[in-house]
Amino acid sequence: MTEDRYEVVIGMEIHAQLKTKSKMFCACAVQFKDKPNSNVCPICLGLPGTLPTVNFEAVRLATRAALALNCQINPKSSFARKHYFYPDLPKGYQITQYKEPLAVNGFVEIDGKKIRIKRLHLEEDSGKLIHSGKESLVDFNRCGVPLIEIVTEPDINSSEEAVRYLEELKRILTYIDVSDCDMEKGHFRCEPNISLRKAGEEKLGTRTELKNLNSLRNVREGLEFEIARQTTILTRGEKIIQETLLWDEKTKTAQPMRSKEESEDYRYFPEPDLPPLVLSQTFIDEVRKEIPLLPQARRQLLISKYQLDKNLVEIITEDKKFADYFDDVVKYCSKAQLVANWLVTEVRGILNTRNIAITEFPISSDVLAELLVMLDKQEITSKAAKIIFEEMLNSKKRPREIAEEKGLLISFDEERLMTIIKETLKENPDVVEKYRKGKTTVLGFLIGEVLRKVQGRFLPQRVGELVKKFLDEDLR
Amino acid sequence: MPLSDIPNLTIFEIHNKLKNLDFTPTDLLNVIFSRINDHEPTINGFISIFKEKAYQEAEIIGEKFKTGAELSLLAGIPIAVKDNICVKDELTTCGSKILHNFRSPYDATAIKQLKKAGAIVIGKTNLDEFAMGSSNETSYFGPVKNPLNPNYVPGGSSGGSAAVVAYGGSIGALGSDTGGSIRQPASFCGVVGLKPTYGRVSRYGLVAFASSLDCIGPIAKNVCDVALILSIIAGYDLHDATTVDFPVGSLIPDKNKVKDYTLGIPKEYLEEEIDDEVRKVFNDTIKELKDYVREIKIVSLPHTPYHLPCYYLICTAEASSNLARYDGVRYGLREKSEYLIQMYEATRDVGFGKEVKRRILLGTYALSKGYYDEYYGTAQKVRSLIKKDFDDAFRECDLIITPTSPTLPFKLNERITNPLAMYRSDVFTTGPSLAGLPAISVAAPQKVGGFSVGIQIIGRPFGEKEILDCALAIEELNK
Ligand SMILES: [Zn+2]
């Protein structure tokens, strides 16, 4: 009922960590596994007298992201200082882009709807506080790591849509190799702002901001919680307070972060230590060439080229490397549907149970294709294919070799098959009896018994035909 | 020549004598340190001195001279460094309690270049706290006295560097100039000080006061020494994105070049309040100079009345940002407190002096929400008008000549309670700083009551050579 009365309006701010080797403004390695404060230097520690210099690899990656998100690149952008005091911020300000961001006016399309991107800009990350007992310690390894901030217009209208947007954004950023987007590792952080308005109204309601959402599940649950909370307040005729809420994963509730100093004054001003960032058209064109086929286009291509099912395609294109693997297999085995089925069930099954990425999958695309070609040409049964597949995971042998060794190639020795069928029927006289009395449903059981015995050496279809023929002939 | 006269020689002369083994770098250090011993108790020009290390280096360079190796002109030359420029492993206090115990883990780029040339960094000189001041009275380590008369201020904020060069406690020195902090003390102490074009010398390792104005520059007894030190520290630096990749070229001054130069005197500067003695010396100098240069004419810098307000808005705004990092968390002073915010407050309260707090507050105000456009934004616009004034003037002349300061050195404590009067000391030096132009202060021939009067020569961007030529011509008038 409430959904009819109120429209949900969500805007998103996303911080994605760029996949650079070194930090945004110094040469320190981007590495967090090392012990605290081991990847730091006078510059990222903001020691007196140090100055930042721009890491152009970060500029390149941010530009690539902006282009992939359909943004307009500003030929001239500039850096600014955003001031606040916090122990993990060594300079007392963060270097970010403010009035002149790197890019503006982009969009991401989800289910035919465009979520507009207002701006995309570069900035540096802060360090990390570790609290232990009465003491607080600071680790500056993360300090100065390059981030892009992507800000949407308030175009998202449900928690479902928010998650879809984030999924697609993550997919795009990983496709173009700009960020690993690992939410748990903090590579991809999102802060949605939520407001409700009466359906049909144009003016936006008072918004709240949600922080601390470190998984898509938290995003969904957090947004649902906040939408419900705001709905209740508005239904009671009360007012929403503009505030920042922290999502608590355990209690599944959101608590206000600050109360008093809500409107912080960051005292932005142009960073005098860095000249404006001027990007030539040549550079922008060059970066544009680095962008591969994006998920959306890739999905469409797979559907139109192979007539694959939409859901199947979505799973295949979820991860670029997985989609690349698919393309590689199809190069050697043209039966796309067969390849798709195998990748989505068998291959993905292994990736899930072993918790590995497709890049770590032990079977190379051409070898898997060889197996599927054998299956397609009815040289092996699908049961045999699975047995061979299992073996391939653990040995370097080619599928044909395994098939031969194990005697899994389909046999056309019908004499032998007949013998096995006879044997089976002899072993199950009561079942045969039932069949004879007209209970044809037991046929499946008998076929199953034979198949078990032949261990995938005969085509199940042929086995079925023969069992039936035998029983029927015998009846006569 | 008695060894004690060495500090009166030029670096070029010292170099030749070192090369001829007339004396060794160690002998030179002996003279310098004995001067320091004699004068420091009154002058207070140094915050720290690296005697032991200096002697070690002098020994090594002495050995090299003995082998007849071809060494840089700066090899074995003692250089003092303003204590807001980082020297590896040494104190960099910025004249502030908040950094009283801070040792820099790295060398500023300028220091790296000096060391590479074989110069010997002998110590760090006293300064107005965080280079904020025009009299050197705001240092946590106490005021510096003017060697020409210890009852007077040496000027600020590179007062320590100017004073030690003036009394012979160093052959050369590095200072930093934000709105006149090299030129004004050079003028008060009767030495030569040069502020280079913004972007000419790397700021990497110079503790920031107002980033868009700060410059490192040399102070020495004569124009040629200043040119020599500048040629070593100038150049593009990967660590400073605001340095300019522009060839430094030869900076050796040539006084005969001035016959090609037209000098401009900004009429608005003459309309400012200027001490009578200063005005007279300036006018006399101009008269004497007339015979050597192509032409001297009156030019106009119409936005002169806005130089000071524009400067103080920009420098305080940037200072409030640059000084935010001194919070007691990682280095320097930390006042104990149970809560974080109180720790910040107590540390900054105890750590910063009055003038620094005043400027942080002014700057914070100028940048705060709702005031930014009115103050900082406006100042930025005015700044571009000021730049344009200079561009226009340089269409009519090659160099602009002015007094460095409108006043003679004043007595200690005379202006410290009146910041506005104090800020007026910078009235002629802030304009070129806002425009990023190179400018030098050199002593005029006539002395007034034991003091020199500084003449400022302002050049076009990267026109260091031209201002040095003209400064040399004025220096020669002294003889
Ligand atoms: Zn670093």
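For the reader, a short list of remarks on this structure follows.
- Residues of the range A:20-45 that are more than 11 Å from the ligand (Cβ to nearest atom), among the basic types (K, R) and touching a strand residue (DSSP E or B) at 6+ places or on another chain (Cβ under 8 Å): A:K21 alone.
- A count restricted to the range A:59-79 and to residues that are open to solvent by 10 Å² or more (accessible area, probe 1.4 Å) and within 22 Å of A:C143 (Cα to Cα) stands at 2.
- In the range B:367-382, the residues that are away from chain A (no Cβ under 11 Å) reach residues that are at pLDDT 95 or above and assigned to a loop (DSSP other than H, G, I, E, B) with C-beta atoms within less than 9 angstrom, at least six apart or across chains, in these pairs: B:V382/B:H303.
- Residue within the range B:461-468 that is surrounded by fewer than 21 Cβ atoms within 10 Å (Cβ to Cβ), out of contact with any helix residue (DSSP H, G or I) (no Cβ under 8 Å at 6 or more places or on another chain), at pLDDT below 95 and not β-branched (V, I, T) present: no
- Among the residues of this structure, A:K35 counts as one that is surrounded by fewer than 24 Cβ atoms within 10 Å (Cβ to Cβ), modelled with pLDDT under 95 and either more than 14 Å from chain B (Cβ to nearest Cβ) or more than 27 Å from the chain's Cα centre (by Cα) (or both).
- Among (1) without any contact (Cβ under 8 Å) to a residue 40 or more places away in the chain; (2) outside any helix (DSSP H, G or I); (3) away from chain A (no Cβ under 14 Å) - the single one B:N283 does not satisfy: (2)
- Yes/no for A:P276 being touching a strand residue (DSSP E or B) at 6+ places or on another chain (Cβ under 9 Å) and free of Cβ contacts under 8 Å to residues at least 12 places away in the same chain: no
- Selection count, the range B:388-413, where residues are within 18 Å of B:P302 (Cα to Cα), open to solvent by 20 Å² or more (accessible area, probe 1.4 Å) and not in a loop (DSSP other than H, G, I, E, B): 3
- Qualifying position, being more than 16 Å from the ligand (Cβ to nearest atom), under 30 Å from the mean Cα position of the chain (by Cα) and of a type in the set (A, V, I, L, M), among A:A80, A:A62: A:A62
- Test result for B:V87, assigned to a loop (DSSP other than H, G, I, E, B), in contact (Cβ under 8 Å) with a residue 24 or more places away in the chain and more than 22 Å from B:K17 (Cβ to Cβ): yes
- Scanning the range A:314-323 for residues that are farther than 12 Å from A:N341 by Cβ, open to solvent by less than 80 Å² (accessible area, probe 1.4 Å) and not in a loop (DSSP other than H, G, I, E, B) returns A:E314, A:T317, A:K320, A:F322, A:A323.
- In the set (1) in a strand (DSSP E or B); (2) surrounded by fewer than 21 Cβ atoms within 10 Å (Cβ to Cβ); (3) aliphatic (A, V, I, L, M), the condition left unmet by B:I219 is number (2).
- Of the residues A:L69, A:L120, A:L89, the single one that is without any contact (Cβ under 8 Å) to a residue 60 or more places away in the chain, farther than 30 Å from B:K336 by Cα and either under 23 Å from the mean Cα position of the chain (by Cα) or within 16 Å of the ligand (Cβ to nearest atom) (or both) is A:L120.
- Tally of residues being aromatic (F, W, Y), surrounded by fewer than 18 Cβ atoms within 10 Å (Cβ to Cβ) and assigned to a helix (DSSP H, G or I) across the range B:316-372: 1
The values are calculated or read from the model by the stated rules, or taken from the named source; none is laboratory data. Source: prediction; values computed, not measured. Methodologically, a virtual Cβ is constructed for each residue, glycine included, from the backbone with ideal geometry; neighbour enumeration extends over all protein chains shown. The area values use the complete protein model at the heavy-atom level, side chains included, leaving out ligands, DNA and RNA. Shrake-Rupley method; radii C 1.70, N 1.55, O 1.52, S 1.80 Å.
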